[in-house]
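Below: one structure, written as structure tokens.
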Amino acid sequence: MTLDQSSTIVVVGASLAGLRAAETLRAESFAGRVVMIGAERHQPYDRPPLSKQFLAGTWGMDRVRLREPEKIEALGMDLRLGRSACALDVEGHSVELDDGSRVGFDGLVIATGAHPRILAGTENDAAAHVLRTLEDSTALAEATAEPDTRLVVVGAGFIGSEVAATCHERGAQVTVIEALPVPLQRVLGEQMGAVCGALHAEHGVEIRTGVGVSRLLGDRVELDDETVVPADVIVVGIGVIPTTGWLEGSSLQVRDGVVAGPTLHAADDVVVAGDVARWHDEGLGREVRIEHWTNASEQGVVAARNLLAGRGAARAYVPVPYFWSDQYDVKIQVLGHPGPDDEVVVVDGSTSEHRFVALYGSGGRLTAAIGMSRPRQLMRYRQLLENGASFDEALAQEPG
Ligand SMILES: Cc1cc2nc3c(=O)[nH]c(=O)nc-3n(C[C@H](O)[C@H](O)[C@H](O)COP(=O)(O)OP(=O)(O)OC[C@H]3O[C@@H](n4cnc5c(N)ncnc54)[C@H](O)[C@@H]3O)c2cc1C
């Protein structure tokens, strides 16, 4: 279907990817109707501060907003907050909402993100927190307000690690439990995972690796080596699941995310963006799903452009992924696609000082670059990643 100024575009998900898509539709002069449906009752807000400044209490609600209310207003959308899409009819071009109403569309952007994975058996445990929403962050800040609160963080991924760092700085006694022998092993590989994991111990936070949680018992966590860790508050940070339940029964392919082609089209008039999107990355020659801020932002833009262009004229989305994580006094930044089995070479600085750049290589190619508190030096490798440079070429570059 060709979209014109009398068309309706529905955006499901009123967070980063959905907002960037809506802004792009207007920036590309689409003057038709835009309906944005968001399950949360808030205007679009930013999630990274929820484990950092907002949790620490140094930023209030005003700094967590993605846009000023007037800017949202200026997009001239039919914005339906506190409302969920619960079914999609791709062929009939309509979305069903949780109030029983239907919204027809000519084009659809799916940007429903992801939600936290729950530790089995903790669904009704009031002491077991997860962290995805403003409410989650507020509840966690309240629960850890008392100095010396004993906080157990289950999972030393990026969010668990940030929670550990922020709450430690607020005076909590933090223990981090990680089932893998090395934190972030599957994301960053053993060497860099160990460097990140060491940050906890170096800041006086206890980290126990290679041990799983067998039970949460209200005031303590029982581990599968039969030890027990006392806990006033528990945070479970064991990853997220793409939010696709509402697409059950639709003709879209769902497999750990909504499956899309290189141009982010999941169907002729349907595009996907953000944490929910599993698209075929032509650069890598395989499907990828990315759970990071910059991807959600960039993908929202490209998805909207490609929806307007139409599937035939749309361009492939081939990013150089980027993400960051702030833990203690360190900024970790990663460019590209690190593989857990890639070769890793430190090219600048020192890992023990937490100021360095290291490169990842596989099959003779540069695959990724990681830096700790070295933003300028790290960014020099972006172009090489974009150009598909060889590992040798990257290693030969002066880090400067
Ligand atoms: C605590 C925290 C800290 C983070 N820190 C970093 C960081 O430091 N660096 C980094 O790179 N990334 C970080 N991220 C990741 C980043 O925030 C996400 O990648 C980004 O929010 C993804 O945006 P999104 O729009 O795809 O999805 P989401 O932000 O998950 O938004 C999806 C929206 O869709 C809504 N929705 C879901 N289902 C429906 C439905 N059926 N109908 C209507 N609406 C629906 C949801 O309620 C939600 O509001 C962090 C995430 C969290 C939670």
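No lab work stands behind these numbers, since they all come straight from the coordinates. Small disclaimer: the values here were computed from a predicted structure and weren't measured. Methodologically, a virtual Cβ is constructed for each residue, glycine included, from the backbone with ideal geometry; neighbour enumeration extends over all protein chains shown.
A few notes on this one:
- Lys/Arg +1, Asp/Glu -1 at C-beta; region 141-273 dipole; positive extreme among VAL153, VAL258, GLY218: VAL258
- Between HIS115 and ILE241, THR243, the built amide H atoms are under 5 Å apart, and every one of these is 5 or more places off in sequence or on another chain.
- Cα extents of region 1-135 along the three principal axes, largest first (Å): 50, 34, 20
- Calculated FRET efficiency for the pair GLU73/SER101, C-beta based, R₀ 22 Å, to 0.05: 0.45
- Amide N of region 313-357 lying under 14 Å from the label point, which is placed 7 angstrom from the Cα of GLU202 along Cα→Cβ: 327-333, 349-357
- For region 305-372 and region 174-196, distance of Cα centres in Å: 17 Å
- Put simply, the C-alpha atoms of region 236-378 give a gyration tensor, and the ellipsoid matching it has half-axes of 32, 17, 14 Å, longest first.
- Centre separation in Å (Cα based) which lies between region 91-109 and region 1-42: 13 Å
- Among residues other than SER214 with Cβ under 10 Å from its Cβ, the summed charge is -3 (Lys and Arg +1, Asp and Glu -1).
- Scaling the Cα radius of gyration of region 186-230 by the globular reference 2.2 N^0.38 Å produces a ratio of 1.37.
- The chain - charge dipole about Cα centre, Lys and Arg +1 at Cβ, Asp and Glu -1, debye rounded to 20: 820 debye
- Charge dipole (the chain, unit charges on Cβ, about Cα centre) - positive-most of LEU3, GLY237, VAL271: LEU3
- Computed from backbone phi with θ = phi - 60° and the Karplus coefficients 6.51, -1.76 and 1.60, the 3J(HN,Hα) list for region 376-389 is 5, 5, 5, 5, 4, 8, 4, 4, 4, 5, 5, 7, x, 5 Hz; x is used for glycine and proline.
- Where a label projected 7 Å from the Cα of ASP4 along Cα→Cβ would reach, residues of region 82-116 with amide N under 17 Å: 106-107
- For the chain, the residue among VAL205, HIS354, HIS129 whose Cα projects farthest onto the positive side of the dipole built from Cβ charges is HIS354.
- Computed over the chain, the alpha-carbon pair-distance distribution with 20 angstrom bins reads 26, 55, 19, 0, each value a whole percent.
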